[in-house]
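The values are calculated or read from the model by the stated rules, or taken from the named source; none is laboratory data. As the structure is a computational prediction, the values presented were derived from the model and not from experiment. Here Cβ is always computed from backbone atoms with ideal geometry, including for glycine, and neighbour counts include all displayed protein chains.
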Amino acid sequence: MYVAVKGGEQAIANAHRWLADRRRGDRDRPELEVAQIGDQLRLAVDRVMSEASLYDPELAALAFKQASGDLTEAVFLLRAYRTTLPRLAVSEPLDTANMRIERRISATYKDIPGGQILGPTYDYTHRLLDFLQLAGAEVPPAETRDDVTDAEPCPPILELLNDEGLVEQEVDDGREPSDITRDPPDYPMERAARLQMLARGDEGYLLALGYSTQRGYGRNHPFAGEIRLGQVEVEIHVDEWDETICVGEIALSECQMINQFGGSREAAPQFTRGYGLAFGHNERKTMAMALVDRALRAEELGEPISGPAQQAEFVLAHADSVDASGFVSHLKLPHYVDFQSELDLLRRLRREHATRQAELDSARDTAGPQQEER
Amino acid sequence: MSRTSRGARQRLLALSSRQHIEAHWGALGALPDHRCVRGPETGMAMLKGRTGGTGNAFHLGEMTLTRASVVLDDGTLGHGWVCGRDHRHAELIALADAVAQLAEWQETLETRVLAPLAAELAERQRRDAATAAATRVDFFTLVRGE
């Protein structure tokens, strides 16, 4: 039975007004501009885009501002906006080999064509609070190396290893991937659909699961074969010209994880792989994604499924923060009638329990002494 | 002056910011009148990645995309696409596409708009590469013993 509950309109309106007031903060200070967030809090913006599954830095910055910095709420806002837009095109597969590199490192090979490029990284910082930033110190511009006239090509490192056949190859067999935004997920799920779900998955969740594989719950001996961050051109095919055209470029992060061997009676042992790809600068996310992608290949690679990170349905069904926070948050909705029926049930159970107890007690009172006499 | 192909022009204008395009657009002078016959409208493009960078395609996520089609007074059609939600940007690309089809405009468009934008894009990308190159590690080996 549904019972309509009405009321609270004024309270809700005032609550939202207070929220807006809180968000605005001290009126003596200038209001935070969306452009400033896009510029100065870009890692938050990248995370919002990645988990909302919509690349638009300005809207992600707006969502972040509107959510007062609550990333999960910002992801929800941007994901909701996504549903208002028609799909105009499907891109050609992004060519990460032709990325304009901002960062590119390998933990498996020191000397690589194109070199190890650190980019704007937090690695090697001392994790000491920088009180100069509290004092508003001037920041010098980035250093440049102007003897470099053109970027040296940075070929994908795993392709270099392929010469000896030491690493499994990823070859396109031309299969059209399913799309979880159009086709409801179905288990067991193909790898393409898994990657789509992982790409929008919550970073903290994937990080924890990836970490769990390192601690032994489905160990797969990973090495960061290559991590690259930078700009990749987006190409779509347009019917008007019957041509593939570039419509701009986007920032991407990619992680190629190399893992310990697979092989069979027929196939020689070789390194296996896990893959991570995400919008913006999202290095930790792509590393976690690659670990979990590899863990989810356990069945395909004939490994025992012993850890939570290897259980596809468990991992994938709980990865999306919009789903998760939605279902957890719904507990705040009025459950007055539900709860009332539980109360009635509980009272009845307790009455029955009390009656049974009383019967037992009286039976013991009469039977007990007789037993003692025997 | 060699003509920029339609695809190369679309790419150049999509990779240039609207502000950069508008900074040069005025040099074209009075353009033929045009009207939009489609859009400008914003929707999304679903972006595909490849498993492991080279393997089977998968759907990564979507991005905002804006497209516009314009028609000039004489009936010439032009189309433009650009990532993001900037209607004017898409309209300018479509307009450039239409104008580029008119012989009398080609040279002005090439020299006043496309050439400077191409130079700016190349310079911006060179600067990005030089900034990244400054963070490239030069390894050295410590020699121990004799």
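Quick notes
- Filter result for A:GLN270 (among the polar types (S, T, N, Q), on the phi < 0 side of the Ramachandran plot and within 16 Å of the chain's Cα centre (by Cα)): no
- Test: A:SER306 is small (Gly, Ala, Ser), outside the structural domain of A:PRO222 (by the TED database) and over 18 Å from A:ARG200 (Cα atoms): no
- Count of region A:160-169 residues, restricted to those that are touching a residue at least 40 places away in the same chain (Cβ under 8 Å) and not hydrophobic (A, V, I, L, M, F, W, C), is 2.
- Those residues of region B:1-39 which are among the basic types (Lys, Arg) and more than 13 Å from chain A (Cβ to nearest Cβ), in sequence order: B:ARG3, B:ARG35
- Cross-chain or 6+ apart pairs with Cβ under 6 Å, region A:231-252 first and more than 17 Å from B:THR66 (Cβ to Cβ), then basic (Lys, Arg): A:GLN231/A:ARG100
Yes/no matrix, rows are residues, columns are (1) in a strand (DSSP E or B); (2) within 27 Å of A:ALA52 (Cβ to Cβ):
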position	(1), (2)
B:ALA8	no, no
B:ARG35	yes, no
B:GLY61	yes, yes
B:ALA68	yes, yes
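To keep it simple, each residue is scored yes or no on (1) in a loop (DSSP other than H, G, I, E, B); (2) outside the structural domain of A:ILE227 (by the TED database).
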position	(1), (2)
A:LEU128	yes, yes
A:PRO141	yes, yes
A:MET189	yes, no
A:ALA193	no, no
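- Matching residues, region A:114-158, being loosely packed, with under 11 Cβ neighbours inside 10 Å, within 30 Å of A:ASP95 (Cα to Cα) and of a type in the set (S, T, N, Q): A:THR149
- Which listed residue, of B:ARG67, B:ARG38, B:ARG3, B:ARG88, is charged (D, E, K, R) and in contact with a Ser or Thr (Cβ under 8 Å, 6 or more places away or on another chain): B:ARG38
- Among the residues of region B:81-92, at least one is more than 17 Å from A:ILE245 (Cα to Cα) and within 9 Å of chain A (Cβ to nearest Cβ).
- Some residue of region A:53-75 being without any contact (Cβ under 8 Å) to a residue 60 or more places away in the chain, of a type in the set (Lys, Arg) and touching a helix residue (DSSP H, G or I) at 6+ places or on another chain (Cβ under 7 Å): yes
- Selection within region A:106-119 - more than 7 Å from every other protein chain (Cβ to nearest Cβ), farther than 17 Å from A:MET287 by Cα and either touching a residue at least 40 places away in the same chain (Cβ under 8 Å) or part of a strand (DSSP E or B) (or both): A:TYR109, A:ILE112, A:PRO113, A:GLY114
- Checking A:ALA363, A:ALA295, A:ALA354, A:ALA358 one by one, the residue that is surrounded by 10 or more Cβ atoms within 10 Å (Cβ to Cβ) and either touching a residue at least 40 places away in the same chain (Cβ under 8 Å) or acidic (Asp, Glu) (or both) is A:ALA295 and no other.
- Check on A:GLU303, in contact with a strand residue (DSSP E or B) (Cβ under 9 Å, 6 or more places away or on another chain) and either exposed (fewer than 10 other Cβ atoms within 10 Å of the Cβ) or not in a helix (DSSP H, G or I) (or both): yes
- Subset of region B:87-111 (residues that are assigned to a helix (DSSP H, G or I), in contact with a Gly (Cβ under 9 Å, 6 or more places away or on another chain), more than 13 Å from B:SER16 (Cβ to Cβ) and not aliphatic (A, V, I, L, M)): B:HIS87, B:GLU91, B:ASP97, B:THR108
- Of all residues in region A:255-269 being part of a strand (DSSP E or B) and out of contact with any helix residue (DSSP H, G or I) (no Cβ under 9 Å at 6 or more places or on another chain), the one that is nearest to the other protein chains (Cβ to nearest Cβ): A:GLY262
- Residue match in region A:188-206 (condition: facing chain B (nearest Cβ under 7 Å), hydrophobic (A, V, I, L, M, F, W, C) and free of Cβ contacts under 8 Å to residues at least 24 places away in the same chain): yes
One line per residue, one yes/no per condition, for (1) within 12 Å of chain B (Cβ to nearest Cβ); (2) not in a loop (DSSP other than H, G, I, E, B):
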residue: A:ARG23; (1), (2): no, yes
residue: A:ASP28; (1), (2): no, no
residue: A:ALA44; (1), (2): no, yes
residue: A:ALA61; (1), (2): no, yes
residue: A:PHE64; (1), (2): no, yes
residue: A:SER68; (1), (2): no, no
residue: A:LEU77; (1), (2): no, yes
residue: A:ALA97; (1), (2): yes, yes
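- So A:ARG356, is it over 51 Å from the mean Cα position of the chain (by Cα) and either more than 30 Å from A:VAL48 (Cα to Cα) or modelled with pLDDT of 95 or more (or both): yes
- Top-ranked residue of region A:258-291 - restricted to ones that are among the hydroxyl-bearing types (Ser, Thr, Tyr) and within 13 Å of B:GLY52 (Cβ to Cβ), ranked as surrounded by the most Cβ atoms within 10 Å (Cβ to Cβ): A:THR286
- Of residues in region A:240-254 being in contact with a helix residue (DSSP H, G or I) (Cβ under 8 Å, 6 or more places away or on another chain) and more than 10 Å from every other protein chain (Cβ to nearest Cβ), the one surrounded by the fewest Cβ atoms within 10 Å (Cβ to Cβ): A:ALA251
- Every residue from region B:40-66 that is facing another protein chain (nearest Cβ under 7 Å) and among the charged types (D, E, K, R): B:LYS48, B:ARG50, B:GLU62
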